[in-house]
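The values are calculated or read from the model by the stated rules, or taken from the named source; none is laboratory data. Because the structure is a prediction, the values reported are computed rather than measured. Heads up, the Cβs are rebuilt from the backbone with ideal geometry, glycines too, and the neighbour counts pull from every protein chain shown.
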Ligand SMILES: Nc1ncnc2c1ncn2[C@@H]1O[C@H](COP(=O)(O)OP(=O)(O)OP(=O)(O)O)[C@@H](O)[C@H]1O
Ligand SMILES: [Mg+2]
């Protein structure tokens, strides 16, 4: 039998000690020729056994609780008091402590990793933010300086430069509004006004608002509700927020679509949910970018997106808004063939 608990150890040690003592006494008496009363020997053996057991057990318990309590108090943030020391002398104290310490090491390691990631994210986020703000602010500054240095009197440029500076200001404002929205969603300050909404109507409204932009690139926008067979598909959602989700995705499909392309919004009936898909036949996205696509400031083609005014916040907002509804958003894409963004909403 393997000795695991302090009590087992005390019993075995006491037994061996007593046995050894009795044997030594017997041997000494025997060698000195004294007659041996075996009954005394047995009594002596048991007296020795019990007292050795008590002493060993007491010392062991003292040692273990003193040393291990300190360890326990450290790994449990000093929350363990004298009364509720969690180990009993009938248990495998060292084995259990080893496991606790290993668990604690694992947990601490996880926490450190989480902090490290947060720190990295924060650094990257601040870096991105200042970079993104710098671009429009420098251009505004450029236009204003030119105006101040005489451009103001030049009828050919004064108006145009002011308009460009104003566009730059709009860009910065838009970015700050996006960031503000993300921060509010993340700190759960955002309230959803959920109600029954006909998602086909909402999608049609958004599609119509993009018609002029789409026409400029000759992109065809269409709705496909036929798989469900009715134009009345009711879901539970915040109308404005889901409108914003659809706007962002449809806007992307036009921005990253091709001339003469086609964007389609489709609806699928899932068990409890409705799946809404926005599919385009545009440039598509390389698989390596897909996992990071919904991160703040993440853009696939940074130079191209900047020319088109994107900051990479759109999809981060979209993901937050869909998740605020307790739903999920996904993307499938093949480079050169097109992309499909799909999200679910609860059916009513
Ligand atoms: N339909 C799409 N087809 C191809 N690439 C896309 C599509 N939608 C998004 N992307 C890629 O994902 C990136 C992130 O999109 P997101 O909407 O978050 O940012 P953005 O459009 O660049 O800027 P913003 O929406 O903040 O103005 C885009 O820069 C683009 O590279
Ligand atoms: Mg976008």
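With 54, 133, 70, 48 as the choices, which residue is surrounded by 15 or more Cβ atoms within 10 Å (Cβ to Cβ) and more than 31 Å from the chain's Cα centre (by Cα)?
Values: 54 fails: surrounded by 15 or more Cβ atoms within 10 Å (Cβ to Cβ); 133 fails: more than 31 Å from the chain's Cα centre (by Cα); 70 fails: surrounded by 15 or more Cβ atoms within 10 Å (Cβ to Cβ).
Just one listed residue meets the conditions, 48.
Does residue 276 meet the test of being over 26 Å from the mean Cα position of the chain (by Cα), in contact (Cβ under 8 Å) with a residue 12 or more places away in the chain and surrounded by 15 or more Cβ atoms within 10 Å (Cβ to Cβ)?
On the way: over 26 Å from the mean Cα position of the chain (by Cα): no; in contact (Cβ under 8 Å) with a residue 12 or more places away in the chain: yes; surrounded by 15 or more Cβ atoms within 10 Å (Cβ to Cβ): yes.
Criteria not met by residue 276.
Can you spot a residue in the range 324-333 that is within 14 Å of ligand 2 (Cβ to nearest atom) and either surrounded by fewer than 17 Cβ atoms within 10 Å (Cβ to Cβ) or within 30 Å of residue 176 (Cβ to Cβ) (or both)? It would help to see each step written out before you state the result.
Restricting attention to the range 324-333, the residues satisfying the condition of being within 14 Å of ligand 2 (Cβ to nearest atom) are 329, 331.
Then drop every residue that is not either surrounded by fewer than 17 Cβ atoms within 10 Å (Cβ to Cβ) or within 30 Å of residue 176 (Cβ to Cβ) (or both), which leaves 329, 331.
Within the range 324-333 (the criterion being within 14 Å of ligand 2 (Cβ to nearest atom) and either surrounded by fewer than 17 Cβ atoms within 10 Å (Cβ to Cβ) or within 30 Å of residue 176 (Cβ to Cβ) (or both)), the answer is yes, since at least one residue qualifies.
Contact list please: Cβ distance under 7 Å, first residue in the range 166-181 and more than 14 Å from residue 310 (Cα to Cα), second residue within 16 Å of ligand 2 (Cβ to nearest atom) and assigned to a helix (DSSP H, G or I), pairs at least six apart or on different chains.
Note: pairs meeting the criteria are 181/317.
For residue 215, are the conditions met, namely being in contact with a helix residue (DSSP H, G or I) (Cβ under 7 Å, 6 or more places away or on another chain), farther than 23 Å from residue 330 by Cα and either away from ligand 1 (no atom under 13 Å from the Cβ) or modelled with pLDDT of 95 or more (or both)? Walk me through how you get there before you give the answer.
Values: in contact with a helix residue (DSSP H, G or I) (Cβ under 7 Å, 6 or more places away or on another chain): no; farther than 23 Å from residue 330 by Cα: yes; either away from ligand 1 (no atom under 13 Å from the Cβ) or modelled with pLDDT of 95 or more (or both): yes.
It is false that residue 215 is in contact with a helix residue (DSSP H, G or I) (Cβ under 7 Å, 6 or more places away or on another chain), farther than 23 Å from residue 330 by Cα and either away from ligand 1 (no atom under 13 Å from the Cβ) or modelled with pLDDT of 95 or more (or both).
Considering only residues of the range 195-218 that are in contact (Cβ under 8 Å) with a residue 60 or more places away in the chain and surrounded by 16 or more Cβ atoms within 10 Å (Cβ to Cβ), which is farthest from the chain's Cα centre (by Cα)?
200
Taking residue 238 as the residue in question, decide whether it is surrounded by fewer than 16 Cβ atoms within 10 Å (Cβ to Cβ) and either in contact with a helix residue (DSSP H, G or I) (Cβ under 9 Å, 6 or more places away or on another chain) or touching a residue at least 24 places away in the same chain (Cβ under 8 Å) (or both).
Working: surrounded by fewer than 16 Cβ atoms within 10 Å (Cβ to Cβ): no; either in contact with a helix residue (DSSP H, G or I) (Cβ under 9 Å, 6 or more places away or on another chain) or touching a residue at least 24 places away in the same chain (Cβ under 8 Å) (or both): yes.
Criteria not met by residue 238.
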